[in-house]
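Step one of this worksheet: look at the structure below.
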Amino acid sequence: MAIKLMARQIIEVDQKDLLKKLTTAFADEWSAYYQYWLGAQIAKGVMRGVVVAELIEHANEELGHAQMITNRIIQLGGTVTMLPSEWSKFAGCKYNAVKSENSLTILQENIKGEQCAIKFYDSLLKELHCKDFVTANMISKILEDEVKHEQDLVTILEDLSVCCK
Ligand code: FE
Ligand code: FE
Ligand code: MG
């Protein structure tokens with residue numbers, strides 16, 4: 001016997017569309033995790049240690065976001081069996097390939113990624129506001145992290161441009 005979940009009945013947005021957007025977020029968080037993780041492995045140059053520590057911290061937080069989104073997709077009856085090769089197919093943000101070992105370039109590429117994530121989550125949050133409190137609350141927490149990520153990277157980049165041109 002299938003029990004109709006109240007948790008799904010209270011949502012006042014189109015659930016198919018919501019699951020589609022969460023699937024996009026799922027793909028983007030895995031890409032963000034990978035981009036940070038890879039950058040942390042290969043970064044060289046100016047203040048390498050500082051940059052790598054920040055990249056690793058952010059990588060772990062992106063993985064945490066992927067976990068939160070996965071939990072919500074499952075609660076909503078969606079599917080999370082995406083192949084890594086499909087990340088770009090479902091992506092909302094372009095994956096900024098790690099092309100350089102230069103720590104400053106890596107920071108700049110990651111800032112672009114954060115800015116895309118901030119725009120995406122901000123618009124999703126505005127859409128969900130008062131219509132799906134549980135997802136909105138989760139997106140709000142993720143957005144707060146992305147805003148902090150952008151700030152942290154920009155601060156490091158500014159510090160480096162003062163000390164180490
Ligand atoms: Fe994230
Ligand atoms: Fe982030
Ligand atoms: Mg940070």
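Read-outs throughout are calculated quantities, based only on the coordinates presented, and are distinct from any laboratory measurement. All figures in this text were calculated on a predicted structure; none of them were measured in a lab. All Cβ positions, glycine included, derive from the backbone under ideal geometry; neighbour counts span all protein chains shown.
GNM on the chain, C-alpha springs below 10 Å: top fluctuator among Thr81, Thr105, Thr135?
Sorting by GNM fluctuation, first place goes to Thr81.
If you average the C-alpha positions of the stretch 11-40 and of the stretch 51-117 separately, how far apart do those two centres end up, in angstrom?
So the two Cα centres are separated by 8 Å.
Can you tell me which of 56-69, 142-155 comes out highest on packing, and rank the rest after it, using the mean Cβ neighbours within 10 Å?
Values: 56-69: 18.6, 142-155: 17.1.
Result, highest mean Cβ count within 10 Å first: 56-69, 142-155.
When a/c is below 1.5 the answer is rounded, else prolate if a/b is larger than b/c, else oblate, so apply that to the stretch 66-165 with a ≥ b ≥ c taken from the square roots of the Cα gyration tensor eigenvalues. Walk me through the intermediate numbers first.
Numbers: a/c = 3.06, a/b = 1.66, b/c = 1.84.
Oblate, because a/c is 1.5 or more while a/b does not exceed b/c.
Identify the residues of the stretch 35-55 with backbone N under 19 Å of a label point that sits 7 angstrom from the Cα of Lys112 along the Cα-to-Cβ direction, or state none.
35-44, 55
May I ask you to list the trypsin sites (Lys or Arg not before Pro) in the stretch 1-38 that are in a DSSP loop and have at most 11 other Cβ atoms within 10 Å of their Cβ? Mind dumping the intermediate values first?
Details: sites: Lys4, Arg8, Lys16, Lys20, Lys21; in loops: Lys4.
Filter output for the stretch 1-38: Lys4.
Check each of the trypsin sites (Lys or Arg not before Pro) in the stretch 98-129 and keep only those in coil by DSSP with at most 10 other C-beta atoms within 10 angstrom; list them in order. Working shown, then result.
Values: sites: Lys99, Lys112, Lys119, Lys126; in loops: Lys99.
Sparse-neighbourhood loop trypsin sites (Lys or Arg not before Pro): Lys99.
Given a cut-off of under 8 Å on Cα pairs at least six residues apart, what relative contact order in percent is computed for the chain? Write out the running numbers ahead of the final one.
On the way: 166 pairs, mean separation 46.0, N = 165.
Normalised by residue count, the contact order of the chain is 28 percent.
Excluding residues on the same chain fewer than 8 positions from Lys16, give the lysines whose Cα lies under 18 Å from its Cα.
Straight-distance partners of Lys16: Lys4, Lys89, Lys126, Lys131.
Tell me which of Leu83, Ile106, Phe133 sits at the most positive position along the dipole axis of the stretch 43-150, charges placed on C-beta atoms (Lys, Arg +1; Asp, Glu -1).
Among Leu83, Ile106, Phe133, the one farthest towards the positive end of the dipole of the stretch 43-150 is Leu83.
Equivalent-ellipsoid semi-axes (√(5λ), Cα gyration tensor) for the stretch 31-114, whole Å, largest first?
27, 14, 9
Could you tally the net charge around Thr105, taking each other residue with its Cβ under 12 Å from the Cβ of Thr105, Lys/Arg +1 and Asp/Glu -1?
Here the charged neighbours net out to +1.
Once you charge only the Cβ atoms, +1 for Lys and Arg and -1 for Asp and Glu, what is the size of the charge dipole of the chain about its Cα centre, to the nearest 20 debye? Mind showing how you got there, number by number?
Values: 18 positive and 23 negative charges, 103 e Å.
Approximately 500 debye in magnitude.
Report the per residue volume, in Å³, of the convex hull enclosing the C-alpha atoms of the stretch 109-152.
Values: hull volume 2.1 nm³, N = 44.
In the stretch 109-152, the Cα convex hull volume per residue is 47 Å³.
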